[in-house]
Structures are given as structure tokens and as C-alpha cells.
Amino acid sequence: MASAQLTGANIDPAEVAYYERLAHRWWDTTGPFWPLHRLNTFRVGYLRDRVALTLGLDPRQEHPFAGLRVLDIGCGGGILSESVARLGATVVGVDVTEKNLGVARLHAGWSGLTIDYRLESVDQLADSGTVFDLVLNMEVVEHVERLPDFLAHCARLVRPGGVMVVSSINRTVAAAFIAIFGAEYVLRWLPRGTHQYRKLVRPGEVIAGLGADYRVLDRTGVRVNPFNRAFSLTRWMGVNYMLVMQRCDD
């Protein structure tokens, strides 16, 4: 039986089919998603500290995100959703592929975590009027169609005073060489075809797409050491980057 999946203006069927084929590998830390596992371990501390600072929380607490309602867009198999839930947040994870969500629900159950996983697109969620304290838009924007529309929908999902974090790959010659040719074709860290250069997104496009209601609180590049596969922050945003943005109060 074919698995359920959503269709819509921002959803690329080829991208959905690609991740559907890999759905069963999400939690294999040595499989095709190992970079996401390494990246997730590295960035959770960054997210905890930056979000806590912005929202007046104590990052030293065992559950610093207690009381926060968090949305994980394009949650996949739930790698980031579970990490944020462990920080105490109430997490909603949305994805457009049911196979991914099936994996996520199963693993959350094994982990003893309660996470609300939904087969839902951002436009559907935005039209419902639901808003969140924190929206995580991580490694998603480079996979969607009609980026301005997608970002406009995402912008509506953050409450006034809330935070959105976006991470992606810059559309530069360096990114094409390192993140696509190097990672996919030379080192084979990712399956070939994971990224398409035309769909990579520059930080300025994200900022413009979210609109004047958002201000940038922090921006940073992310680099990976090819020898030990360790991630670290860098001022250079020519390949991977993260943006922390706050929606202005009404």
C-alpha cells in the first residue's frame, strides 16, 4: 500500500519521494542521516542558549524549555523534535510524508516521549491560526518550491515576541563545491541528489521572506571538520548557516 503524503504549491513531489525511500533509515546513526545526527547533537546547545536568552529562560535548568510550545517544520524521523522535547518543550512536528511520521511516532514511543506528529503543511497550519513560542525551520527551505510563499506561511506561525530559527545551505560557489560536490560525490556523506544548487537559499532571502515583522538576533556559519566529522560555529556563512529571528511584538 502506498503511504500517504501531502500535495501543495510548496511541496516538491520529487523531494517527498526521495525522503520516503529513506524513511526507515532515520535513526541509523551510521546510515545516510548520520550528518543530521552529528549536527543535531552540536546545535541543540546553541538553540537552548540562544532561545533561552531571548525568551528570558534559564538555560542551566534541567528543562529550560518547560512551558514553551515548539513547532518543528519538516520534522522527518523526529531527531530534533525529540531533543527539544527533552528540554521540556511541548513539541508539534509536521512533515509531508507519512512514512517519516510513522518512524518518528514509533521512536518517540520507544523513548518515552509525547510528541504531536502531524501530516500537515505549513500553509494548512498557518490558516488554522495556530502560533508557537518557537518555530524550528531546520534544513527545510532548500527543499521547498515557491520559497517566498513558504516563508510567508512560516512567518505567521510565530507568536509576537516568539522566535524562529532557520538553518540551511547558502547559494554560493563554495557551497556547491563543498556541500554538494564534496559531501555527495566525493566523500559520499550524503546520497547523491540530496541537494540541488538552484534550490539553495541565501540568508538575505530568508530574512526578506519573513518580512519586516522579524529582526535578526543572531547569525552564524556552521562548518564540519572532514577528518573527525565534528561541527563547529564560524563567522563565515558561505556554506552552512543558522539565523535566529524574533517576531516583533504587536
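The values are calculated or read from the model by the stated rules, or taken from the named source; none is laboratory data. Quantities reported herein were computed from a predicted structural model and do not represent experimental measurements. With ideal geometry, Cβ positions are generated from the backbone for all residues, glycine too; neighbour counts draw on all protein chains shown.
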Would you confirm whether any residue within segment 144-151 is surrounded by fewer than 23 Cβ atoms within 10 Å (Cβ to Cβ), in contact with a His (Cβ under 7 Å, 6 or more places away or on another chain) and either more than 13 Å from Gly209 (Cα to Cα) or among the polar types (S, T, N, Q) (or both)?
-> no
Being surrounded by 16 or more Cβ atoms within 10 Å (Cβ to Cβ), under 23 Å from Gly161 (Cβ atoms) and touching a Phe, Trp or Tyr at 6+ places or on another chain (Cβ under 7 Å) narrows it down to one of Ala104, Ala89, so name that one.
-> Ala89
Boolean, Thr234 is surrounded by fewer than 19 Cβ atoms within 10 Å (Cβ to Cβ), at pLDDT 90 or above, of a type outside the set (Gly, Ala, Ser) and in contact with a strand residue (DSSP E or B) (Cβ under 9 Å, 6 or more places away or on another chain) = yes
Mind checking whether some residue in segment 167-189 is within 18 Å of Arg50 (Cα to Cα) and in contact (Cβ under 8 Å) with a residue 40 or more places away in the chain?
-> yes
Odd one out for Ala179 among (1) buried (at least 18 other Cβ atoms within 10 Å of the Cβ); (2) at pLDDT 95 or above | (2)
Consider Gly161 against the criteria (1) over 16 Å from Leu36 (Cα atoms); (2) touching a residue at least 40 places away in the same chain (Cβ under 8 Å); (3) assigned to a helix (DSSP H, G or I): it satisfies all of them except one. Which criterion is unmet?
-> (3)
Within segment 213-239, how many residues turn out to be free of Cβ contacts under 8 Å to residues at least 24 places away in the same chain and not in a strand (DSSP E or B)?
-> 5
Return the only residue of Ala17, Ala52, Ala66, Ala104 being modelled with pLDDT under 90 and either of a type in the set (A, V, I, L, M) or assigned to a helix (DSSP H, G or I) (or both).
-> Ala17
